[in-house]
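This report concerns only the one structure given below.
The values are calculated or read from the model by the stated rules, or taken from the named source; none is laboratory data. Worth saying up front: this structure is predicted, and the values here are computed from it rather than measured. Glycine gets a Cβ as well: all are built from the backbone with ideal geometry, and neighbour counts include every protein chain shown.
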Amino acid sequence: MAIEVKFWGVRGSIACPSPDHVVYGGNTACVEMRVGGHVLIFDAGTGIRNLGRDLIRRNVSAATIFLTHTHWDHINGFPFFVPAYNPANRFRILAGHLTELGGVERVFSSQMANPTFPVPLSAMQSKLSFEDFTAGQVIDDLGDGIVVRTAPLNHPNGATAYRVEYGGKSACYVTDTEHVPGTPDQAILDLIAGADLVIYDCAYTDAEFPAKVGWGHSTWQEGIRLCQSAGVRQMALFHHDPDHDDAVMADIERQAHSVWPGAFAARDEMVLKIG
């Protein structure tokens with residue numbers, strides 16, 4: 001009764017294919033959770049390309065894709081997600097921030113439209129279902145007792161956080177959110193309470209944050225404050241800023257771990273088993 005987590009993309013804003021971003025990785029947001037025989041995918045940044053290749057290798061023909069939001073760094077890997085072109089496959093795609101803006105299918109279709117992309121969404125011959133919900137709803141129709149709880153996040157154009165519960169274990173995906181200094185986000189605290197793992201938006205440090213107000217991101221220090229208040233077991237620093245190369249990230253990870261031993265920095269292709 002375990003939740004297995006694999007990070008396929010941990011970077012924020014833009015992919016960083018550079019020799020200075022090798023240790024922590026340069027692909028943008030994509031996290032896989034293997035839960036009770038189901039594959040849950042969180043975000044479709046550039047990391048989803050390598051995930052797609054791995055699904056083919058594993059003969060996985062179905063998955064559910066949960067989107068925090070649809071800014072480019074969280075969806076621009078989807079046109080290169082090869083399993084979606086196979087008519088034998090099936091993918092369910094959900095978003096919690098677009099109900100009043102035309103829905104998630106419209107966003108995915110416009111991303112893959114002339115003149116910005118030469119292959120239309122209709123070229124994906126797999127069975128694609130697009131579903132819109134409102135952040136705060138509970139999704140409990142995945143089967144095998146899997147429950148996915150959601151919460152709204154403070155981000156330009158909106159975003160959604162997720163908590164996956166299975167077999168008494170829980171993993172949360174909380175990225176692209178801006179905190180208000182000195183005022184813990186109660187929606188996040190409620191969502192992550194007692195979680196085994198929280199993947200949190202640590203794009204900046206507290207020292208960098210004042211110059212980034214309004215950009216929609218948080219800090220590793222705020223993540224630790226929230227996780228300690230909520231009784232969380234472990235926190236993965238996530239959505240690394242493109243300017244934070246391997247040397248910077250190593251220093252940030254060292255500082256975070258010294259403040260709280262439960263904190264560590266996520267890396268491309270890192271695997272965690274909760275259970």
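Just to be sure I understand, how many residues within region 42-53 are closer than 19 Å to Arg92 by Cβ and among the charged types (D, E, K, R)? Here the count works out to 1. The set of residues from region 19-39 being farther than 18 Å from Ala265 by Cα and surrounded by fewer than 24 Cβ atoms within 10 Å (Cβ to Cβ) comprises Pro19, Arg34, Gly36, Gly37, His38, Val39.
Which residue pairs have Cβ atoms closer than 7 Å, lie 6 or more positions apart in sequence or on different chains, and pair a first residue in region 8-20 that is outside any strand (DSSP E or B) with a second residue that is of a type in the set (Phe, Trp, Tyr)? What qualifies is Val10/Tyr24; Val10/Phe238. For region 99-114, which positions are among the hydrophobic types (A, V, I, L, M, F, W, C) and closer than 19 Å to Phe66 by Cβ? Once the filter is applied, which keeps residues that are among the hydrophobic types (A, V, I, L, M, F, W, C) and closer than 19 Å to Phe66 by Cβ, region 99-114 yields Leu101, Val104, Val107, Phe108. For region 203-230, filtering for residues that are crowded, with 22+ Cβ neighbours inside 10 Å and among the aromatic types (Phe, Trp, Tyr) leaves 2. Filtering region 242-275 to residues that are part of a helix (DSSP H, G or I), surrounded by 15 or more Cβ atoms within 10 Å (Cβ to Cβ) and either out of contact with any Phe, Trp or Tyr (no Cβ under 9 Å at 6 or more places or on another chain) or modelled with pLDDT under 95 (or both) leaves only Val248.
Can you spot a residue in region 41-53 that is at positive phi, crowded, with 22+ Cβ neighbours inside 10 Å and not small (Gly, Ala, Ser)? Yes: region 41-53 contains one or more residues that are at positive phi, crowded, with 22+ Cβ neighbours inside 10 Å and not small (Gly, Ala, Ser). When residues in region 127-136 are screened for being surrounded by fewer than 19 Cβ atoms within 10 Å (Cβ to Cβ) and under 14 Å from Ile188 (Cα atoms), 1 of them pass.
Scanning region 101-121 turns up no residue that is aliphatic (A, V, I, L, M), within 22 Å of Arg58 (Cβ to Cβ) and surrounded by fewer than 16 Cβ atoms within 10 Å (Cβ to Cβ). Checking each residue in region 221-241 for being assigned to a helix (DSSP H, G or I) and over 16 Å from the mean Cα position of the chain (by Cα) picks out Gln221, Glu222, Ile224, Arg225, Leu226, Cys227, Gln228, Ser229.
For every residue, the table says whether it meets (1) touching a Gly at 6+ places or on another chain (Cβ under 7 Å); (2) farther than 20 Å from Gly143 by Cβ; (3) β-branched (Val, Ile, Thr).
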{"residue": "Glu4", "(1), (2), (3)": "no, no, no"}
{"residue": "Gly52", "(1), (2), (3)": "no, yes, no"}
{"residue": "His74", "(1), (2), (3)": "yes, yes, no"}
{"residue": "Pro79", "(1), (2), (3)": "no, yes, no"}
{"residue": "Val104", "(1), (2), (3)": "no, yes, yes"}
